[in-house]
Amino acid sequence: MTSSPAFCRFAFAYGTAFALFYVVALFRDLALFTVYPSLGIVILGTHHSRDVADPALGFVAPEMYWYGWTATAGIAAFSIGLVAALLPDRWTRWCWPGVLWVTAIVAMLACVYRTMPWFGR
């Protein structure tokens, strides 16, 4: 199963799309859900403690967005992977494997750039 062309197309498309969608989710603050780990609360969508719904929640426990960003990127990348797996083999031959590495490196550098202020505090 792992050597089938459809699975290879899915895996490479999923990996590349996940890297891109994670950067988009990180920069646009698109979390599928927000987690308050110390309270055991999960809220759908991106919820900042300064929101009108419950502004005091930020004083009780900090919010965690990483799980939501990962879920957002995973769902979007899964749909791209399914489309790539269903495409005929002749349509996907033009894809150069080096693009996958370049995309992953650029996405990693964008994430490092975005998180630099967190380490400066």
Item checked: Selection within the range 31-41 - of a type outside the set (Gly, Ala, Ser), in a loop (DSSP other than H, G, I, E, B) and closer than 10 Å to Ala71 by Cβ -> Leu32
Notebook entry, point to check: If you check Gly15 against the conditions, is it of a type in the set (Gly, Ala, Ser) and without any contact (Cβ under 8 Å) to a residue 12 or more places away in the chain?
Noted result: no
Note to self: Please determine whether any residue of the range 50-64 is touching a helix residue (DSSP H, G or I) at 6+ places or on another chain (Cβ under 7 Å) and at pLDDT below 90.
What the structure shows: yes
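The values are calculated or read from the model by the stated rules, or taken from the named source; none is laboratory data. Because the structure is predicted, anything quoted here is derived from the model rather than measured. Here Cβ is always computed from backbone atoms with ideal geometry, including for glycine, and neighbour counts include all displayed protein chains.
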